[in-house]
1. Could you list, in sequence order, all residues of the stretch 57-99 that are assigned to a helix (DSSP H, G or I), in contact (Cβ under 8 Å) with a residue 40 or more places away in the chain and over 17 Å from residue 17 (Cα atoms)?
2. How many of the residues in the stretch 1-35 are within 14 Å of the chain's Cα centre (by Cα) and either modelled with pLDDT of 85 or more or loosely packed, with under 12 Cβ neighbours inside 10 Å (or both)?
């Protein structure tokens, strides 16, 4: 259950929900930013005689890039990932405080 689903079902987000939020933000930033970067790098003309994986690399390059982008996004700290996470976390905290006020009233 996501942090947003917790708010709609009436329970405040836990630390686990915020951890899952961080992972989701990392994956999104990874696929959008780093995925595009890796795709652009693969399409460049900088391939050499050595260090090229042949036809197998060409066939599975998109899957490998997707995996790399996802992992980079999860592990990247600072920059866009942290800025987006902090914004969404602040929204979640505000929603939790509203939830608590409504529940307490």
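1. 70, 71, 72, 73, 75, 80
2. Here the count works out to 17.
The values are calculated or read from the model by the stated rules, or taken from the named source; none is laboratory data. All of these numbers come straight from a predicted model, not from anything done at the bench. All Cβ positions, glycine included, derive from the backbone under ideal geometry; neighbour counts span all protein chains shown.
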